[in-house]
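In what follows, a structure is listed as structure tokens, so that the remarks can point back to it.
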Amino acid sequence: MTVKAVIFDLFKTLGEYSRVVTDEEVCTFLQRKGYPVYPQAWKHAFSFTAFIDYPKYGYESHEEFIRRAFQHLEVDVDDGTTHELVELFRGSPFTLYSESCEAVKRVRRLGLRTAIATSTPKPFFIKGLGQVEGLIDFICTGYEAGYEKSNPQIYRVILDLLGVEPSETVVIGDNPVLDIANSKMLGMKAIQIVREGVPSGQADGAAVNVLEAVKLLENWVRFTPS
């Protein structure tokens, strides 16, 4: 089997947030500051900013992103409150799983190109990648692709930039649609991370975490790292 590149999913594959900041928590904070923002409205404003606006504008900071969400809500929030809300999100950072760094290093030892495909805006995860960032050839968010990850064309953007064919590429991720079905649609191989339940019938392989997925990949390419 010829493999030239591996595309990693981000959330629930390489890592996750140390704690999820809930919509209720955000709105309780804003209401205490005197702003009438409620969970359903906040949830949809945040999601619209992430999935519609971010692919167009690529906000470079938490502040820019959150101010855009406030614009959708038509609420004029003062800078101090905005900063405190940003710190709330920063206090629950994206964190790599303990096995992720070794997994990506092993892929590099195979001599393969690497990428991350995610809809998550960069300000919300980039610092959490740590040394893994330097091992990734291309981090593709909605902004780099021009659309969020449910559009399979995000993978074509990555393939073109890495200079590889779908048949030469393996996707590793947990989502049966975004990571498995969409990549298979384009002719790529896919390994599903399955911590509970059963893998998608479309997956070419399954593993309990990203390191075990890479070990499966090593078997595919008949290579054992030193």
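All of the numbers you see were taken from the coordinates with simple rules; none came from a lab. The structure displayed is predicted, hence computed values, not measured ones. Heads up, the Cβs are rebuilt from the backbone with ideal geometry, glycines too, and the neighbour counts pull from every protein chain shown.
In order along region 59-72, the Karplus-derived 3J(HN,Hα) couplings, from 6.51 cos²θ - 1.76 cosθ + 1.60 at θ = phi - 60°, round to 3, 8, 8, 4, 4, 4, 4, 5, 4, 5, 4, 4, 4, 5 Hz, and Gly and Pro are given as x.
PRE reach from D78 (point 7 Å along Cα→Cβ): which of region 1-41 fall under 19 Å by backbone N? The answer is 27-37, whose backbone nitrogens lie closer than 19 Å to the label point.
A cut-off of 5 Å between modelled amide H atoms, ignoring neighbours fewer than 5 places along the same chain, links V171 with I7, K189, A190, I191.
Which whole-angstrom value gives the distance between the alpha carbon centres of region 61-94 and region 161-226? The two parts, judged by their Cα centres, are 36 Å apart. Globularity index of region 73-139 is 1.50 (Cα radius of gyration / 2.2 N^0.38 Å, N = number of residues).
The long axis of helix 39-48 is offset from the longest Cα principal axis of the chain by roughly 50 degrees. Annotation: extensible slack from K43 through S18 equals 7.0 nm (criterion: 0.36 nm per residue apart, minus Cα-Cα distance). Taking amide hydrogens as placed 1.01 Å from N in the peptide plane, the amide H of A206 sits under 5 Å from those of Q192, each at least 5 positions away in sequence or on another chain. Out of (1) 19.5, 56; (2) 19.6, 71; (3) 18.7, 62, which label holds the value of Rg and Dmax of the Cα atoms in Å that was computed here? Step by step, Rg and Dmax of the Cα atoms in Å for this structure corresponds to label (3). Restricting region 103-152 to trypsin sites (Lys or Arg not before Pro) that sit in a DSSP loop and have at most 12 other Cβ atoms within 10 Å of their own Cβ leaves nothing. Magnitude of the charge dipole for the chain, about its Cα centre and with charges confined to Cβ atoms of Lys, Arg (+1) and Asp, Glu (-1), is about 740 debye. Our coupling estimate for region 97-104, obtained by passing each phi through the Karplus curve with A = 6.51, B = -1.76, C = 1.60 and θ = phi - 60°, is 5, 4, 8, 5, 4, 4, 4, 5 Hz, Gly and Pro reported as x.
For V37, the residues whose modelled amide H falls within less than 5 Å of its own, excluding neighbours fewer than 5 places apart on the same chain, are Q31.
Each label was represented as a point 7 Å from its Cα along the Cα-to-Cβ direction; for V221 and V198 these points are 3.1 nm apart. In this simple spin-label approximation, L161 and L186 carry label points 7 Å from Cα along the Cα→Cβ vector, and these lie 1.1 nm apart. Computed over the chain, relative contact order equals 25 percent, with contacts defined as Cα pairs under 8 Å that lie 6+ residues apart.
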